[in-house]
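The values are calculated or read from the model by the stated rules, or taken from the named source; none is laboratory data. Please read these numbers as outputs of a predicted model, since none were measured by experiment. When we count neighbours, we look across all protein chains shown, and the Cβ atoms used for this are built from the backbone with ideal geometry, even at glycine.
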C-alpha cells in the first residue's frame, strides 16, 4: 500500500499545482485592468476648462458657506484604516454644475435648520488604483478600468447635520458600511432613520443628483461620461481658484 501511495503522490501533487495555478490565473484575469484615458497633466486640464467652463473643479467651501467637511480618507477613520489622501488634506472638489446644485441643496436645508457634511467628493484616479490594489472587489471599490464618478468630479459622499448642534442625523449606519442595512431598499429601521434618508434622497434628487442603491450617502450628477477622469492632486486644483 505504501508503494502505491508513493507512486500516486506525484500525480496528486501535479493535480494540486495545476489547480492552484488555474485559480491564480483566473484571479489575475478577474482583477487585472487596463488604464482608461485620463487627464493627469495640469496644462491639459486647463485646456479642457477653457473649452468648456462647466468642467472647472470648484472647492466646495469656497462656494458653499457653512458646509462641513469630515474627509475620512485624509484620516485613518475609514474602512481601509489607513491614509488614502495626504494627511491634513482640507480641500475637496466637484465640477461646476454639481457644485452649484449642491449649493442649492445647502440653501434649502438651511431653512430647515439642517446642513451638509461631506465625507468625500473628488478622488484622484491614483487613489482609486490604491483602493483596487488593496480590495479588488467591485462591491466596495470602483474598478480602475472604468474609473468612477469621484474621479470625474461628479460624485459626492455626504450626510445631514443639525446646524444648531453640529450633530449628524441618524442614518442607521455610518459612512462606508457595506451591509444590506446601508441600502435604500432596507426598511427594517426606525421611522426617524427612514425619514432622514428620505429627506436626503429627495432633496438631492430635486437638484439633479442620482442615488446609488447600495449606499445611502453616495450621490452622482448625471452625464458623468462628458467629464474626463482626473488624476490631478488637491493642491494643484487649489491654485486654480
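Here are some notes:
- Selection within the range 121-139: residues that are modelled with pLDDT under 95 and assigned to a loop (DSSP other than H, G, I, E, B). The member of this set that is surrounded by the fewest Cβ atoms within 10 Å (Cβ to Cβ) is 139.
- Test: residue in the range 90-109 that is surrounded by fewer than 14 Cβ atoms within 10 Å (Cβ to Cβ) and within 19 Å of residue 153 (Cβ to Cβ): yes
- Flag for residue 178 being closer than 30 Å to residue 32 by Cβ and either assigned to a loop (DSSP other than H, G, I, E, B) or assigned by TED's automatic domain parsing to the domain that holds residue 95 (or both): yes
- Near pairs, Cβ below 7 angstrom, 6+ apart or cross-chain, from the range 140-151 (in a helix (DSSP H, G or I)) to any residue that is surrounded by fewer than 22 Cβ atoms within 10 Å (Cβ to Cβ): 149/220; 149/224
- Subset of the range 156-209 [in contact with a strand residue (DSSP E or B) (Cβ under 7 Å, 6 or more places away or on another chain) and more than 21 Å from residue 68 (Cα to Cα)]: 182, 184
- The range 62-80, subset surrounded by 16 or more Cβ atoms within 10 Å (Cβ to Cβ) and part of a helix (DSSP H, G or I), residue farthest from the chain's Cα centre (by Cα): 63
- Within the set 173, 165, the sole residue that is in a loop (DSSP other than H, G, I, E, B) and either loosely packed, with under 15 Cβ neighbours inside 10 Å or not assigned by TED's automatic domain parsing to the domain that holds residue 41 (or both) turns out to be 165.
- Only one of the numbered conditions (1) more than 16 Å from the chain's Cα centre (by Cα); (2) under 15 Å from residue 231 (Cα atoms) is violated by residue 150, and that is (1).
One line per residue, one yes/no per condition, for (1) within 20 Å of the chain's Cα centre (by Cα); (2) closer than 17 Å to residue 119 by Cα; (3) at pLDDT 95 or above:
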| site | (1), (2), (3) |
| --- | --- |
| 176 | yes, yes, no |
| 187 | no, no, yes |
| 200 | yes, yes, yes |
| 204 | yes, yes, yes |
